[in-house]
1. Can you give me the number of residues within segment 681-698 that are closer than 23 Å to residue 629 by Cα and touching a Lys or Arg at 6+ places or on another chain (Cβ under 6 Å)?
2. Among the listed residues 814, 840, 798, 844, which satisfies the condition of being among the β-branched types (Val, Ile, Thr) and surrounded by 19 or more Cβ atoms within 10 Å (Cβ to Cβ)?
3. Give segment 830-880 a look and list any residue that's more than 16 Å from residue 540 (Cβ to Cβ) and of a type in the set (S, T, N, Q), or say none.
4. Regarding segment 190-198, can at least one residue be identified that is assigned by TED's automatic domain parsing to the domain that holds residue 349, in contact with a helix residue (DSSP H, G or I) (Cβ under 7 Å, 6 or more places away or on another chain) and crowded, with 21+ Cβ neighbours inside 10 Å?
5. Could you check segment 811-861 and list, in sequence order, the residues that are over 28 Å from residue 531 (Cα atoms) and more than 26 Å from the chain's Cα centre (by Cα)?
6. Going through 282, 270 one at a time, which residue ends up being at pLDDT 90 or above, in a strand (DSSP E or B), in the same structural domain as residue 224 (by TED's automatic domain parsing) and not charged (D, E, K, R)?
7. Name the residues in segment 119-136 that are small (Gly, Ala, Ser) and either outside any helix (DSSP H, G or I) or over 15 Å from the mean Cα position of the chain (by Cα) (or both), would you?
Amino acid sequence: MKGTNQQQHHPPSWAQRFIEWYCKPGLVEDLTGDLNEYFERNVRSLGPRRAKLIYIIDAFKFFRIYTVRKPSLVNLFINWIMIRSYFKTSGRNLLRNKLFSSINIAGLAISMSVGLLLIAFMLDLRSYDKFHENGERIYRITNVATFKGDQGSGSRPEKYASTSIKTGKLIREKVTGVEEVAIMGNDFSQDAKVGDRILPVKGFWAEPSLFRIMTFPMLEGNPETALRDPYSIVLTETAAKKLFGSEPALGKPIKFDTLDYQVTGIMKDVPFFSHINFEALVSLSTAEQTGKRDKNFAAWTNMFSNSVYLLLPKNADVASTRASIQSQLDAIAMEENLAEEDTKIQLELLPLYKIVVGEDLRSGSMSGSVSPHMPTAVLWILGGLAFIVILSACFNYTNLSIARGMRRFKEVGLRKAIGAQRSQVRQQFLAESIMISLAALFLSFCIFLILRPQLINMAPEMQRTVKLNLTPATVLAFIVFSITVGIIAGFMPAMFFSKTSAINALRNVSAPAFRSAKVFRQVTLRRALAVVQYTVTLIFITTTAIGYVQYKNILAFDLGFNTENILNINMQGNKPDELIKELSEMPEVTALSRSLIITSVGNAWGGFIKYKDFRDSALVMTNNVDENYLPLHGYKLIAGGNFITRPTTAQAVSELIVNEEFLKRFNISASDPGKAIGEEVSFSNFNVQGRKMTIVGVMQDFHYGKVDNLIGPVAFMPWTPGDGAIINAKIQSTNMPATLAKIKSTWKKVDRVHTFQAKFYDEEIEEAYSEFSTMIKIIGFLSFLAISIASMGLFGMVVFTTETRIKEIGIRKVMGASSGSLIYLLSRSFLLLLSISAFVALPVTYLFFENVLLRNFPYHAPVQVVELFIGLLAVLLIAIIMIGSQTMKAARTNPVEVLKSE
């Protein structure tokens, strides 16, 4: 029985015909015989399904130059005549049905414009770092860090795009199979003094080996020695002109702070599509000289502001080389982690081309050069949404083609009667579809040019990430995309028409069967497509409505402190005292305070705190603030008071104000916060170890991080003059632009070098959630396109239905039917389909938000009924207007004119 069952399995017939079509006559028999033999063997060993899949793959795999038959000149001539005939006939059909052609072209153009934007977006992202000659062999080291006792969860690995300087040195000393290693420090940002001019310069600390790994062409100087000696600097061409004008820069001195640096090289500007961007590279040996007193400079755990790049040997086996290097990295990490109690680090290799498009990693303190990044998941989501919109337009084409099918059966019958084969009929309808798609491409390209600046300006990250310029590759991709859309849109009509026999087509027998083609029992193809299209449209609209409401709720969320009219001014390394003095004299400024960072917008600063004999230390988020910070922001103290001392050095800091979650984390009198006052804890970070701190106040819980994070333990410490400074200014003014201009002019008295950097707290929060805003805008735009395309399809179907039932309407009108009953008659089937779509779309959207998306937002507002039904009401209103307008037009027609030929 087993052998009998195996003999019943046959290779896919269409794959066999495909081989016979392209293969040379002398090779067909041998090739098909071998493939059939392999197929029978695979059926026995792998099963029929996998055997068929392998057969299909082989059928395409043997499509080679030496197997393809050469077309004769006669066949080429005949094919050319046929192709001309296809396009000529298709053009006449399009002109004959102007309304339906216009609807199809407009629908495809609107949807294809989204595809064009996505293609240009993807090509830009794939262009990053392609200018490096050795790009395929370049890797960056990433860190996977586990902080013990993090918020009571035991341990939580976090992936960082940065690593430590020690990592680079250990790789250079111990790892084999690596051609080059380059260490970069990401925190060079200083003011350059050249003559009487002072200008800010941003860049990286780097080693000479960087020029051997990456392709940064040097215009002047020797790349092998330019970054070798301490206090050497290499400038980009633009930076050299900014600092020295038209004068030669090579060999000239630049003063940073009190030290002189020598320009040892001038390189070409960094290309736009580079994951790192800078104005200058300073020798890493300089940082080693200036960081000698910092014991953490080369520490294993000092991983937040450095990068290490590797170059693998040429012609090496990538898989085995990576595996060997990774095992050596694991050994290094295991050895170094033995000396660490609170932090465990693992090292991983990241290919250069996966830095921009790849896994989302936490970034270190990169000096104004944050890498552009796009998670792969986001690209898949955008691609899926664009595909759905395009598919909706293809559904329109299929539906309208099926609706008009009855008028074209005689054309198909005549073609088949004079000898046309199925393949030729398919080619005819595919040619027509491709013509419509190419016509839509021209219109969609115009829409693309309009939408391109809108997309780029949608968010600051977009401006730094993509250009969406036209290149030959982009234009070619657009044309291929258009032809592909045409084939997808015309595939189903072509298949249906090609199956019709000549006799039935001429007798018009297949028309009803064609119009009632079933995909499931009692469900016609047209109805199924309409339901799917409206289901997608409703999901888009409902998602936009719910997402917008949730986004507004996030912006208006009670963070636990006040942010209204608070202007945060970045001092950019300046001492804040002079500006505070100037601002305090302005009547519009009612209160001032100082802080190290701005909370609730994603910034984080922290250290490890241990309490008495608690089993381990825990990571606690911190902020350094002065005594005016809490009252200015309206934090609520529930026990104790404000800071008692005003330390002038970091070593003198000894007080903490903590939140309620802090007490719960360490089990410090959580039920009675007053008992926590006076308790001592031990604080450690990269700068201090085991410093004794006393709790002087307890404040109500607030959102230190974004609202998609749970509230965790937080501690405020006194701000000292050695800390970086953000001035928080409470402003009360009836003319805010004039007040801001006044503050900006005051800034120029304090700092003439740096531009004024200040934002209101509410603006900071809005910018922190800009990715949500951008996504909502994109989905909202796609929703508009989806409803526009669906509405055009509905309009076409209503027009067609009204035309085909015009005599029925005339008879009903003669018999006394009212306009309302006629509208109900024609709209009944459409409204039924819309109801089915709503029955599917609304629960799916609700469950997606409540059980998937909003689960990541523990403080989200529940989804309301109004948000769910707003999309349904919009679609229903559009449908009623379109159906009603066409029905009233038909109802106003004189029945005598319609029925006079009967």
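1. Count: 1.
2. Only one candidate qualifies: 798.
3. 835, 851, 856, 864
4. yes
5. 811, 812, 813, 814, 815, 816, 817, 818, listed by residue number.
6. 282
7. If the condition is that a residue be small (Gly, Ala, Ser) and either outside any helix (DSSP H, G or I) or over 15 Å from the mean Cα position of the chain (by Cα) (or both), then 127, 135 are the ones that fit.
Residue-wise test of (1) touching a residue at least 12 places away in the same chain (Cβ under 8 Å); (2) surrounded by fewer than 14 Cβ atoms within 10 Å (Cβ to Cβ); (3) aliphatic (A, V, I, L, M); (4) not assigned by TED's automatic domain parsing to the domain that holds residue 193.
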position	(1), (2), (3), (4)
217	yes, yes, no, no
222	yes, yes, no, no
247	no, yes, no, no
261	yes, no, no, no
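The values are calculated or read from the model by the stated rules, or taken from the named source; none is laboratory data. A quick note: this is a predicted structure, and the numbers were derived from the prediction, not measured. Note that each Cβ is placed from the backbone with ideal geometry, even for glycine, and that neighbours are counted across all protein chains shown.
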